[in-house]
Amino acid sequence: MFDLYIKNAKTATEEPIEIGITNGKIVAIEKKLQVKDAKKTIDLNHQSYLSAGWIDGHTHCYEEMNLYYDSPDTIGYTKGVTSVIDAGSTGADNIAEFYSLASQAKTNVFALVNISKTGIVHQNELADLTNIQEKKVSEVIKNYPDFIVGIKARMSKTVIGDNGIRPLELAKLIQEKNQAIPLMVHVGSAPPDLKTILSIMDKGDVLTHCYNGKLNGILNETGQIHDFVWDAYQKGIRFDIGHGTDSFNFAVAEQAKREKLICHIVSTDIYHRNREDGPVYNFSTVIEKMLFLGYALSDIIPMVTTNPAKAFQLKSKGTLEIGYDADITIFDVENKEKTLVDSNGNTRKTTQVITPIYTIIGGNDYRVGVEEDGLLQEI
Ligand SMILES: [Zn+2]
């Protein structure tokens, strides 16, 4: 007997799908399951979509930080998101406290450890190279193997001070000493310029803020994608949206779509401020922007499930397969008008709105937007 039976759902390609869950794992998947009995059944009446649980690959969710912080559950299971990856809020000196708080969340929390031992307590965590201590980073990576899934280097003018490309070279050395652990690199205003950053990155490394609208972005003076960006893309560098307050521009994303430079990962770079005041708000709103751009739902779902799971080597997540963790997102796509805003205040009117209905994490189901334990879960 299943612990949980999800019936009459549909996939992103409009195929029928049903899933059986026992002991927190997916134990059965068919178009139609023959089920006599289940401890609990969720019947979606052929209305709602079901996908592997959404993984937000770029967030800031350690509540004790002073600049970029949020709570994992506020951006996670209450919004249809089953796993969040914190992108470098903490470093070797403070990631232990983050781990103990994060492990109390209902949402799965993973972290990229900042190569600066301080994390982001100031905007310029890489301006002082003594903050980058390979031994300290390697030690926490060893101590928290199921929590730390990569390292993070923020390579932009305000962060690096006068250090040029050196912090990224040190990040590559740290990566090398730790079995090629995944590396996420943030790009912003130069220096260093994007060309230099990409020339040091390798296949499998993740470039976040890929569709930003800054001068140091992926487009050249004539509005086309730089040749060196294509070289990096073809080399196998993974492109991640990392929307954020400052880093998603409609015109850049539209040009990338026209030229078919398609990002691998869709993520929010969410923290309390851009959640409350926009332009991020929540993961669904970022996904709606991809729908607006003309990507099919079936092309977007891997960008929020399989692709981030692969990039950060999350075992048994991101795929609907027997034996995988029972992390599932159930959502509706409704025809409604909504105005979407990018990081530069540009707007687009969409007619497709995504509403998460259930978040299922390790077989535990949460109804999004419904009262639980007396607490209203906001959508
Ligand atoms: Zn970030």
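Farthest towards the positive end of the charge dipole of the chain, among the residues Phe331, Ile17, Tyr271, is the Cα of Ile17, using unit charges on the Cβ of Lys, Arg, Asp and Glu. Taking a ≥ b ≥ c as the square roots of the eigenvalues of the Cα gyration tensor, an a/c ratio of 1.5 or more together with a/b no larger than b/c marks the stretch 52-311 as oblate. Distance between the modelled labels on Ser100 and Asp299, one decimal in nanometres: 4.7 nm (7 Å Cα→Cβ projection). The alpha-carbon of Lys157 sits under 16 angstrom from the alpha-carbons of these lysines, leaving out residues fewer than 8 places away in its chain: Lys195, Lys214. For the stretch 52-311, which whole percent of the accessible surface, found with a 1.4 angstrom probe, sits on carbon and sulfur atoms? Carbon with sulfur: 48 percent of the solvent-accessible area.
In nanometres, what is the gap between the two model label sites at Asp128 and Thr347, each 7 Å from Cα along Cα-to-Cβ? Distance between the two pseudo-spin positions: 4.5 nm. The fraction of all Cα pairs in the stretch 166-259 landing in successive 10 Å bins from 0 to the largest distance is 16, 52, 26, 6, 0, given as whole percents. Taking 7 Å steps out from each Cα toward its Cβ at His226 and Lys157 produces label points 1.5 nm apart.
How would you classify the stretch 8-162 from its alpha-carbon gyration tensor, with a ≥ b ≥ c the square roots of the eigenvalues: rounded for a/c under 1.5, else prolate if a/b is greater than b/c, otherwise oblate? The partial results should precede the final answer.
On the way: a/c = 3.08, a/b = 2.56, b/c = 1.20.
Prolate, because a/c is 1.5 or more and a/b exceeds b/c.
Between Glu276 and Glu139, full extension at 0.36 nm per residue minus the direct alpha carbon distance yields a gain of 45.7 nm.
Compute the separation of the alpha-carbon centres of the stretch 35-66 and the stretch 289-343 and state it in Å as a whole number. Using only Cα atoms to place each centre, the spacing works out to 11 Å. 3J(HN,Hα) along the stretch 142-149, derived from phi through the Karplus expression 6.51 cos²θ - 1.76 cosθ + 1.60 where θ = phi - 60°, amounts to 5, 6, 10, x, 8, 10, 8, 10 Hz, with x in place of Gly and Pro.
When shorter helices are ignored and each DSSP H run of at least 4 residues is given -39500 (n - 2.57), the per-residue value for the chain at 222 nm works out to -6500 deg cm²/dmol.
For Lys40 and Ser199, the difference between the fully extended length at 0.36 nm per residue and the C-alpha to C-alpha distance is 52.0 nm. Let a ≥ b ≥ c be the square roots of the eigenvalues of the Cα gyration tensor of the stretch 255-321; is it rounded (a/c under 1.5), or, if not, prolate (a/b larger than b/c) or oblate? Cα axes put the stretch 255-321 in the oblate bin. When the pairs Lys136/Lys203; Lys177/Lys203; Lys36/Lys317; Lys289/Lys336; Lys289/Lys338; Lys203/Lys289 are compared against a 21 Å limit on Cα-Cα distance, Lys136/Lys203; Lys36/Lys317; Lys203/Lys289 fall above it. A straight Cα-to-Cα reach below 12 Å connects Lys310 with the aspartates and glutamates Asp205, residues fewer than 8 places away in its own chain not being considered. Placing a label point 7 Å from the Cα of Thr355 along the Cα-to-Cβ direction, the residues of the stretch 272-297 whose backbone N falls under 16 Å of that point are 284-285, 288. Per-residue surface analysis assigns Ile360 an accessible area of about 0 Å², computed on protein heavy atoms at 1.4 Å probe radius.
The values are calculated or read from the model by the stated rules, or taken from the named source; none is laboratory data. Here the structure is a predicted model, which is why all the values come from computation and not from measurement. Reconstructed Cβ throughout: ideal geometry from the backbone, glycine too, with neighbour counts over all protein chains shown. Accessible surface areas use protein heavy atoms only, side chains included; no ligands, DNA or RNA. Shrake-Rupley method; radii C 1.70, N 1.55, O 1.52, S 1.80 Å.
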